[in-house]
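Peer 1: Would you mind keeping the following structure in view while I ask a few things?
The values are calculated or read from the model by the stated rules, or taken from the named source; none is laboratory data. Treat the numbers as computed from the prediction; the structure is a model and nothing was measured. Virtual Cβ from ideal backbone geometry, glycine too; neighbours counted across all protein chains shown.
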Amino acid sequence: MDAPFDLSKLPTGLSEQMEPLVARVLAGNPSPYTYTGTQTYIVGNASDRAVIDPGPAIDSHIDAIVTAIGDAKIAAIMCTHTHRDHSPAAAPLAALTGAPIIGCAPLVLEDDGPRADESFDRYYNPDQVLKDGDTFAGDGWTIEAVATPGHTSNHLCLAVQESGALFTGDHVMAWSTSVIVPPDGDMADYMASLQKIYEREDKVYYPAHGKKVKNPRQLVRGMMGHRKQRERQILKILEASPALIPDMVTQMYKGLDPRLVGAAGQSVRAHLIDLQNRGVAGEANGLWSMTA
């Protein structure tokens, strides 16, 4: 996890040019789960641009996106997934500019996740849903959809074919691991999606939270190793005796920020459900144990 940040020094509302085809605008919604806030990316040039993850429906953030776009046409408003810190600004931005909403499929569930930001945007209504491998192009840029379920079942990463940039949403972040919240979040899907992007040749990742990733394959390899280590911790606990999830969290996450206990519990539960689906562990009245 990155070092604590100073809110007074964050470039909230300002457009930062990350590379010739990519600019970034930071929303003013920092939290223990969004880190410095949601990063909206603008892809394209002076002719037309796409907005990736427009973020929360904060008027000042929408104004900042419009300012960053300038005189260019907004060719598409694209969302990696529909958690409330990613997609709610799509609708007002579309109403303001006439741009189509293109990207992940709609998904609304009653979520028992650990934070408000984790709940779903029930008003997300895309004009076009992208499937794995679908592309959307503008003047000098092409964005490819890369289906990466796990964090949510509708999660997409978005790749700029001309530059090798991959917008990873909440799938891969440098500052923290992704929270997997069942029933929609799925650990087996998440691991498969990590392997999928590990096998790609993207040059740089731009996550929705935290700094850009210059060594993407190295980071993804480490993340897969981290998840396997967590699974080994769980198995070691269950081999000793049956256990409740809160007790596992206490043993596995030493010195954890109390605000993150709920998220840790959800990730442990996701691992346990994966082990249950594989016939390794089982649960009765909240108590988990080995099946063999």
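Peer 1: Report, by residue number, each residue of segment 154-191 that is farther than 15 Å from Leu130 by Cβ and either among the aromatic types (Phe, Trp, Tyr) or not assigned by TED's automatic domain parsing to the domain that holds Met18 (or both).
Peer 2: Trp175, Tyr190
Peer 1: Evaluate the following for Ala147: is it free of Cβ contacts under 8 Å to residues at least 60 places away in the same chain and among the aliphatic types (A, V, I, L, M)?
Peer 2: In short, yes.
Peer 1: Checking Thr135 against (1) surrounded by 15 or more Cβ atoms within 10 Å (Cβ to Cβ); (2) closer than 17 Å to Ile101 by Cβ; (3) β-branched (Val, Ile, Thr), which test does it fail?
Peer 2: For Thr135, the exception is condition (1).
Peer 1: Further question: What are the residues in segment 59-91 that are part of a loop (DSSP other than H, G, I, E, B) and closer than 20 Å to Met18 by Cα, if any?
Peer 2: The answer is Gly70, Asp71, Ala72, Thr80, His86.
Here's the yes/no breakdown for (1) within 11 Å of Thr148 (Cα to Cα); (2) polar (S, T, N, Q); (3) in contact with a Gly (Cβ under 7 Å, 6 or more places away or on another chain):
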position: Ile180; (1), (2), (3): no, no, yes
position: Asp189; (1), (2), (3): yes, no, yes
position: Ala192; (1), (2), (3): yes, no, no
position: Tyr205; (1), (2), (3): no, no, no
position: His209; (1), (2), (3): no, no, no
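Peer 1: Does Leu235 count as at pLDDT 95 or above, over 24 Å from Tyr41 (Cβ atoms), buried (at least 16 other Cβ atoms within 10 Å of the Cβ) and not assigned by TED's automatic domain parsing to the domain that holds Ile143?
Peer 2: For Leu235, the condition - at pLDDT 95 or above, over 24 Å from Tyr41 (Cβ atoms), buried (at least 16 other Cβ atoms within 10 Å of the Cβ) and not assigned by TED's automatic domain parsing to the domain that holds Ile143 - is not met.
Peer 1: Can you name the number of the only condition in (1) loosely packed, with under 15 Cβ neighbours inside 10 Å; (2) out of contact with any strand residue (DSSP E or B) (no Cβ under 8 Å at 6 or more places or on another chain) that Lys214 fails?
Peer 2: That leaves (2) as the condition not met.
Peer 1: What are the pairs, 6+ residues apart or on separate chains, where a residue within segment 192-217 that is of a type in the set (D, E, K, R) has its Cβ under 8 Å from a residue that is surrounded by fewer than 14 Cβ atoms within 10 Å (Cβ to Cβ) and not in a helix (DSSP H, G or I)?
Peer 2: Going by the 8 Å Cβ cut-off, the qualifying pairs are Lys211/Asp2.
Peer 1: Next question. Scan segment 145-173 for residues that are in a strand (DSSP E or B) and more than 12 Å from Thr80 (Cα to Cα) and jot them down.
Peer 2: Val160, Ala165
Peer 1: Determine whether segment 143-153 contains at least one residue that is over 22 Å from Val204 (Cα atoms) and assigned by TED's automatic domain parsing to the domain that holds Ile77.
Peer 2: yes
Peer 1: Have a look at Gly98, Gly103 and point out the one that is modelled with pLDDT of 95 or more, in contact with a strand residue (DSSP E or B) (Cβ under 7 Å, 6 or more places away or on another chain) and farther than 18 Å from Asn29 by Cα.
Peer 2: Gly103 is the lone residue from the list that is modelled with pLDDT of 95 or more, in contact with a strand residue (DSSP E or B) (Cβ under 7 Å, 6 or more places away or on another chain) and farther than 18 Å from Asn29 by Cα.
Peer 1: Same structure, new question: Give the residues of segment 262-287 that are free of Cβ contacts under 8 Å to residues at least 40 places away in the same chain and among the hydrophobic types (A, V, I, L, M, F, W, C), sorted by residue number.
Peer 2: Of everything in segment 262-287, those that are free of Cβ contacts under 8 Å to residues at least 40 places away in the same chain and among the hydrophobic types (A, V, I, L, M, F, W, C) turn out to be Ala264, Val268, Leu272, Ala284.
Peer 1: So, of the residues in segment 220-229 that are surrounded by fewer than 18 Cβ atoms within 10 Å (Cβ to Cβ) and touching a residue at least 12 places away in the same chain (Cβ under 8 Å), which turns out to be nearest to Lys254 (Cα to Cα)?
Peer 2: His226
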